[in-house]
Amino acid sequence: MNAFALFLLALALAFVSTLSLLAKNEGIRGMGRVAGGLSWTLFAAFLLVLTCGTHQLPGEYAVPSGFLLLMGLVTIASGARKFARRNIGN
């Protein structure tokens, strides 16, 4: 997958995440949080490809991109937890 495809997929997931904020159902908003986390993760991957893969960005972008990737993973976990609490019966 090339860098531009990563960027477009991140953009599409950000759009889905934003639309989910309009939903009344908490489970849908939880899935939107997962989509938002995936968006951040893919955007971080895009930056890492440009930094480490193609060297189109300077090396100092690598560490912040890694932190962005980590924050995306935390957001995914948080959204999955919220979705599970709202949609899986006890």
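The values are calculated or read from the model by the stated rules, or taken from the named source; none is laboratory data. Values in this document were obtained by computation on a predicted structure and should not be read as measured data. Every residue, glycine as well, gets a Cβ built from its backbone with ideal geometry; the counts of neighbours run over all protein chains shown. Note: areas computed on protein heavy atoms with side chains; ligands, DNA, RNA excluded. Shrake-Rupley method; radii C 1.70, N 1.55, O 1.52, S 1.80 Å.
Structure above, values below:
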| item | result |
| --- | --- |
| Positive-end residue of 40, 65, 27, charge dipole of the stretch 7-90 with Cβ unit charges | 27 |
| Relative contact order computed over the chain (Cα-Cα under 8 Å; 6+ residues apart), in percent | 34 percent |
| Alpha-carbon Rg with Dmax, taken over the chain, Å | 14.7, 50 |
| Stretch gain in nm, segment residue 22-residue 86, where the contour uses 0.36 nm per residue and the Cα spacing is subtracted | 21.4 nm |
| Residues of the chain: accessible area per residue with a 1.4 Å probe, Å² | 65 Å² |
